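Comments concern the structure below.
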Amino acid sequence: KKKIAIAIDGPAAAGKSTVAKKVANKLHYIYIDTGAMYRAVTFQALEKEVDLTDEKALFHLIKNSSVTLEQTEFGQKVYVDQRDVTEEIRKAAVTNQVSIVAQHALVREEMVKRQQELAAERGVVMDGRDIGTHVIPDAEVKIFLLASVDERAERRYQENRSKGYNSDLDQLKLEIAKRDKLDSEREVSPLIKADDAIAIDTTAMSINEVTQAILTIVKQKK
Ligand code: C5P
């Protein structure tokens, strides 16, 4: 069967990675989490105390380090220069500042180049904000996942709880809304639905229902 590229975009905490992983598993495709790449850069910048508004310094940092994604049976691992940063990049310090790093043209150019190399062979499910619009504009399947802010905050709250820590639901709502605003209003490849993407509002859907809906769309295209 022909291998295709599947682009999944949408706002923060819309369930993109959970669903993308399931779709990739089912199809024996590779899952590529582009958000993890921006998070890894942000983590490095914070650690090295690089000014997050200094575009050139960030670019230099990216050029002189490696970010690798590895699929294991326990999920995806993220490495910066061979160091496992999988947990670190999900912490609040990174989550709440990644959108500042991701707005720079030089940062995006380099990330997009790397993502396009990863997608060149097809057989990929890639999730992010600009996959259908910029990274793989010719992807055979483009999905735009949506859910209300309340629902997304609630899901993140439950996810955090299951990992053993409590969070403030109102605080989560504010953080998610703020990140959406920054990602949607930035000048370089903002978060927007590609004209030919299929929007799925997941507010009242389960993970399995969303996965099935995407697999049905894929079947029609293959
Ligand atoms: O998907 P995730 O929430 O991990 O993404 C973290 C941040 O990385 C997003 O809020 C956005 O600022 C940035 N990002 C991006 N383009 C992508 C993926 C992520 O700008 N393709």
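Of Lys113/Lys163; Lys63/Lys142; Lys56/Lys113, which ones are farther than 27 Å apart at the Cα?
Table pairs above 27 Å Cα-Cα are Lys113/Lys163; Lys63/Lys142.
What residue among Ala45, Asn25, His60 has its Cα farthest toward the positive end of the dipole of region 20-61, where the charges are +1 on Lys, Arg and -1 on Asp, Glu, each on the Cβ?
Asn25
Within the accessible area of region 64-222, what % is carbon and sulfur when the probe is 1.4 Å and the other protein chains stay in place? Don't skip to the end; give the middle numbers.
Values: 4400 of 8760 Å².
Answer for region 64-222: carbon and sulfur cover 50 percent of the accessible area.
Tell me, what is the per residue accessible area of region 1-82 in Å², probe radius 1.4 Å? Present the calculation step by step, with values, prior to reporting the outcome.
Values: 4050 Å² over 82 residues.
Heavy-atom accessible area per residue stands at 49 Å².
Quick check of the Kirkwood formula: for the chain, what is the inverse mean of 1/r over all pairs of different Cα atoms, in Å?
Working: mean 1/r = 0.0565 Å⁻¹.
Evaluated on the chain, it is 17.7 Å.
Charges only on Cβ, +1 for Lys and Arg, -1 for Asp and Glu: so what's the dipole of the chain about the Cα centre, in debye to the nearest 20? All intermediate terms of the calculation are to be shown ahead of the outcome.
Working: 35 positive and 36 negative charges, 167 e Å.
With Lys and Arg at +1 and Asp and Glu at -1, about 800 debye.
Normalised by the residues of region 108-183, what does the relative contact order come to in percent, with Cα pairs under 8 Å and at least six apart? Could you put the intermediate results ahead of the total?
Numbers: 31 pairs, mean separation 16.9, N = 76.
22 percent.
Using only Cα atoms, locate the centre of region 101-167 and the centre of region 8-39, then give the distance between them in Å, rounded to an integer.
6
Looking at region 37-152, I'd like the Rg to Rh ratio, where Rg is from alpha-carbon atoms and Rh is Kirkwood's inverse mean 1/r. Provide the component values of the computation, followed by the final result.
On the way: Rg = 14.7 Å, Rh = 15.3 Å.
Expressed as Rg/Rh, it is 0.96.
The values are calculated or read from the model by the stated rules, or taken from the named source; none is laboratory data. None of the values given here were measured: they were computed from a predicted structure. Positions of Cβ are generated from backbone atoms using ideal geometry, with glycine treated the same way; all protein chains shown enter the neighbour counts. Only protein heavy atoms, including side chains, enter the accessible area calculation; ligands, DNA and RNA are left aside. Shrake-Rupley method; radii C 1.70, N 1.55, O 1.52, S 1.80 Å.
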